[in-house]
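Taking it in order: structure first as structure tokens, then the write-up.
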Amino acid sequence: MDAPTALAAPSLATDPARPAAAVFDVRTAIEISARGLFDRVAFAAVYAAISLLVLPWMVGVSWIAAILAWELGIGAAMDRAIAKMPEDRATDAYALAGIAASALYQAVAFLCFANGSAVGVALAVTWICGSVLNVLVYSSASRQLLLATLFPAAAVSIIGPAIAYGIAWPTAIIPGLVGLFSLAAWRFSLDHGALLRELADRQHAFADVERKLSVAIEASGDGLFETDLVAQTFHVSPAWSAMLGYGPGELASPIGDWRAFVHPDDVPKVENDYVAHFRGDTPHTASEQRMLCKDGGYKWVLSRSRLVSRTPEGRPWRIVGTTIDISARKALEQELEAARDLAESANRSKSVFVANMSHEIRTPLNGVIGVAGALAGTDLTPGQLEMVTLIQSSGQMLDRMLSDILDQAKIEAGDFQLQIAPFDLRAEIETAAALTRARANDKGLSFQIVYAEAAEGMFEGDAVRLKQIVSNLASNAIKFTAEGDVTVTVEVLDAQTDGVAALVRIEVADTGIGFDAAAASRLFGRFVQADGSISRQFGGTGLGLAICKSLTDLMGGDIAVHSSPGVGSSFRVEIPLPRTMSIADYRRQRAGAKAGGSKAAAFAPRLKKLEILLAEDHPINQRVVQLILQPMGVALTVVGNGQEAVEACEARRFDLILMDMQMPVMDGLAATRAIRERERATGAAATPIAMFSANAMDEHLSLAAAAGADHHIAKPITPERLLAGIDRALNGPRTGALAEAS
């Protein structure tokens, strides 16, 4: 032990909220003293050698021998004994030992002073000054130790000069100079102590941050890793190893190659991420990859890392990063993807089911409505006509319900598309009203349509869906009105700015049963009626108003209702529709047009001697078309599948082909494609083809158009619908978009 080198050790256990105070610890001082043993003995040996300039060699050798005996024997034994004492007693004992050690070290200075030569005095003063500086730096934390270790040096600096020069003025100068040096050394020791405390505080703060970070990372379960690209080593934290199922010490560290733990399919992506990061393209890497676990399986992790240092040549050197277990998230994503795929599959299955049901239901329905329509055109007794009319109205009601279900399915699937084309507003309103006027007359209701002055002209929009809205609202009004009237009011509010669509307002009012505000708030929902008893009393699916709402929304419009129980209801629809010509031009065109009868009736005489091929597999549908067309003089050829239709077209040319979409052997789409390919190969003119089918959904229209069909006639058919469809197929424009006869 050497008391002058005792350390004032800053405590790391102090409050981190304030600077740490210097607290003397005997055991720490003993440890520091042991570490400085070699330096002390070496300096003592140097001074012993220099002292030979003024002292006999036996003196120097004896002094260094005494130093060695103290440091290796007596002092070391005392240090071990003091370390076992209580803290208060240990401090006193350490101070007493410090006096002895300091006196032994100052003996050489005393002997140099006693020599009296200039070199001897210089050696003595130098040794004393070094000792004082050493004591002030390392022993200032303990006043008791400081005084004990300074006392021998102070005594030698006073007594030594007196021995060398006697009682004279040089005797006072040397202690004074030593005192000035001691004052400067004291100031230095204060600065040194402040610096040590600052460093200790910073070290403590850093250790505290490191501890908190370590706790946070450990609590999060994230793994840490560090890669040395030069040494090709990969160091990982225990949490990183535990993430892959390894216990403490089971995974060798450092790891030679990180690629051994990454799924082979993911290695190229991870390497590309590193290359991009090294180029400076990204602030850090972030890659989702599969890691090999101890059990041989793979676990999904998110790895983030950053390059923290480069070599002097600028090459990437050290990478530090974290690894997060995302296997639970990946499992959830896979479950969601599976659920999405299942939902999409179910939606496709539903679409196929709806299409098949449409075909299967419309096929017999086509027979009912078609035959009833053909029968109505024959000579019947009043009773027979009443029964036929009842069959027609029932079939039409069933057709409407089926159409509502199909339309709702298309809207829900997001596959519904509007067919935009120019149309005559008043003509379409009249057509829609004609479908319901007869029912109003049967119930004895007054049914009227009121047009505002500007409610006429040509507009651009989906006329079929507009008629559907008007027809649904009018049918509902008639159904729920026992007596009184049903009024359809049509207005058009033209915009004052060019290029802005006009607002078409259609209001359907009745004097029926009405409903309250609570029923009105839910009326436009699917399968909803104002009262549960309504479906039992009046029938219906509750889809009509929901479809009106959906169609109005698709056309960018709005629908609202006002009703009072027992008074009646008023439904108002507002849809923005652009005009395709001014009212003045429209009126001039109407004035110049020749008056004519029914379009179908006017077209019927022109059907005589037309050669039409019907490809239809169902006998009832075949007979329905025959009953409608043969009385008009049509030369009708009937085949049962698409293959027979292709063969018939190869044998002769027809004026028109009515092609069912779903048939055995070869369906209508394949047959249409085959016919079109043969026409292109031979250079023959294209035969008009109307897809004659119960499949009336938008995707079916698209498939038919892609196959080469010109038009579509939806089942179930009436004589009017069939004749209108044939007229359009033969005489209508061919724009590439498939039109539907309704």
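The values are calculated or read from the model by the stated rules, or taken from the named source; none is laboratory data. Please read these numbers as outputs of a predicted model, since none were measured by experiment. Note: ideal-geometry Cβ built from the backbone for every residue, glycine included; neighbour counts use all protein chains shown.
A compact table of results
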| quantity | calculated |
| --- | --- |
| Considering residues of region 656-671 that are within 11 Å of residue 640 (Cβ to Cβ) and in contact (Cβ under 8 Å) with a residue 40 or more places away in the chain only, the residue surrounded by the fewest Cβ atoms within 10 Å (Cβ to Cβ) | 664 |
| Filtered residues of region 218-256 (kept if surrounded by fewer than 15 Cβ atoms within 10 Å (Cβ to Cβ), among the acidic types (Asp, Glu) and within 36 Å of the chain's Cα centre (by Cα)) | 218, 228 |
| Residue 78 closer than 19 Å to residue 35 by Cβ and surrounded by fewer than 22 Cβ atoms within 10 Å (Cβ to Cβ) | yes |
| Among (1) at pLDDT 85 or above; (2) out of contact with any Asp or Glu (no Cβ under 6 Å at 6 or more places or on another chain) - the single one residue 611 does not satisfy | (2) |
| Qualifying positions in region 417-437 - free of Cβ contacts under 8 Å to residues at least 24 places away in the same chain and either buried (at least 17 other Cβ atoms within 10 Å of the Cβ) or of a type in the set (A, V, I, L, M) (or both) | 427, 434, 437 |
| Cβ pairs under 7 Å, 6+ apart, first in region 112-132 and polar (S, T, N, Q) and in a helix (DSSP H, G or I), second modelled with pLDDT of 80 or more and surrounded by 23 or more Cβ atoms within 10 Å (Cβ to Cβ) | 131/105; 131/106; 131/153 |
| Breaking point among (1) within 30 Å of residue 322 (Cα to Cα); (2) surrounded by 15 or more Cβ atoms within 10 Å (Cβ to Cβ); (3) not aliphatic (A, V, I, L, M), for residue 259 | (2) |
| Some residue of region 290-297 being in contact with a helix residue (DSSP H, G or I) (Cβ under 7 Å, 6 or more places away or on another chain) and either surrounded by 10 or more Cβ atoms within 10 Å (Cβ to Cβ) or under 30 Å from residue 700 (Cα atoms) (or both) | yes |
| Qualifying position, being out of contact with any Ser or Thr (no Cβ under 8 Å at 6 or more places or on another chain) and in contact (Cβ under 8 Å) with a residue 24 or more places away in the chain, among 201, 222, 191 | 201 |
| Pairs where the first residue, in region 558-572, is free of Cβ contacts under 8 Å to residues at least 24 places away in the same chain and the second is surrounded by 13 or more Cβ atoms within 10 Å (Cβ to Cβ) and among the acidic types (Asp, Glu), C-beta under 8 Å, 6+ apart | 558/574 |
| Matching residues, region 117-154, being among the aliphatic types (A, V, I, L, M) and closer than 21 Å to residue 52 by Cβ | 118, 119, 121, 122, 123, 124, 125, 128 |
| Candidate set: region 169-217, residues that are of a type in the set (D, E, K, R) and surrounded by fewer than 13 Cβ atoms within 10 Å (Cβ to Cβ); chosen: the one farthest from residue 153 (Cα to Cα) | 212 |
| In region 147-175, the residues that are farther than 19 Å from residue 123 by Cβ and in a helix (DSSP H, G or I) | 147, 148, 149, 150, 151, 169, 172 |
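Residues are listed down the side, and each one gets a yes or a no for (1) buried (at least 21 other Cβ atoms within 10 Å of the Cβ); (2) touching a Pro at 6+ places or on another chain (Cβ under 6 Å); (3) assigned to a strand (DSSP E or B); (4) of a type in the set (D, E, K, R):
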{"position": "614", "(1), (2), (3), (4)": "yes, no, yes, no"}
{"position": "620", "(1), (2), (3), (4)": "no, no, no, no"}
{"position": "628", "(1), (2), (3), (4)": "yes, yes, no, no"}
{"position": "653", "(1), (2), (3), (4)": "no, no, no, yes"}
